[in-house]
Amino acid sequence: MATWQTQVKQLSMALSVVGAIWMALTVGLGDAFNIVTDPASVDPATTASLGGIDFIDRVAVAGVFVTILGGAGLGIVGISGNNPPAVNTILRYAPLIIGFVAFSAFGSEAWDLVSGNRTWANYDDIQNSYMLFLASSMVSAIVGLLDRR
């Protein structure tokens, strides 16, 4: 039987995947990719919605892609002996990395979502899906760390 920690981690990872996919589709896959690789070419409306794009947004949106393509999402990329060690390390620790980014850079906003204090109507779909992804990743990382044996 699964423990409550396992259930919370699985639910939060599922919500993280939903938030990641929703954000990528709302922004557009090309613009989401540009957030990571070339922020100057991102649609001005997307940049405005995110309140500007800085380094931490670029890292977080890279996490969106890792989440979507990795084992929690579509399973297109997985840990394998054929991968370079760095890729396997990123895939293995992606939930913790993204959770740390969410906690350190978006902690108060993520906590508002987790505690039920987010007024969803005050934000657009880009902001809401981004925060759903980040807050869910943060919860998953915290529960994952607490459940380590």
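Label 7 Å along Cα→Cβ of D124; segment 52-70 residues with amide nitrogen under 17 Å? Under cut-off, by backbone N: 52-54. Within the chain, helices built from complete DSSP H runs that reach 27 Å or longer along their own axis (Cα positions) and carry a mean Kyte-Doolittle hydropathy of -0.5 or higher are 4-27, 85-114, 125-146. Counting other Cβ atoms within 10 Å as a rough exposure proxy, the listed residues R118, R92, R58 run R92, R58, R118 from fewest neighbours to most.
Under the rule of -39500 (n - 2.57) per DSSP H run of 4 or more residues, summed and divided by the residues of the chain, what mean residue ellipticity at 222 nm is obtained, to the nearest 500 deg cm²/dmol? Mind dumping the intermediate values first?
Details: 6 runs with 106 residues, N = 149.
After summing the helix terms and dividing by the residues of the chain, the value is -24000 deg cm²/dmol.
For the chain, what does the relative contact order come out to in percent, with C-alpha contacts under 8 Å and a separation of six or more? The normalised contact order for the chain reaches 38 percent.
The mean sequence separation of alpha-carbon pairs under 8 Å and at least six residues apart, normalised by the residue count of segment 76-149, gives a relative contact order of 39 percent.
If packing is taken as the mean number of other Cβ atoms within 10 Å per residue, what is the order of 30-40, 131-141, highest first? Each step should come with its number before you reach the end.
Numbers: 30-40: 16.4, 131-141: 26.2.
Listed from highest to lowest mean packing, they are 131-141, 30-40.
Size descriptors for the chain, from the alpha-carbon set: Rg then Dmax equal 15.1, 49 Å.
Only the coordinates and a few stated rules stand behind these numbers; no lab work does. The shown structure was predicted, so the numbers you read here are calculated from the model rather than taken from an experiment. For neighbour counting, all protein chains shown are included, and Cβ atoms are generated from backbone atoms with ideal geometry for every residue, glycine included.
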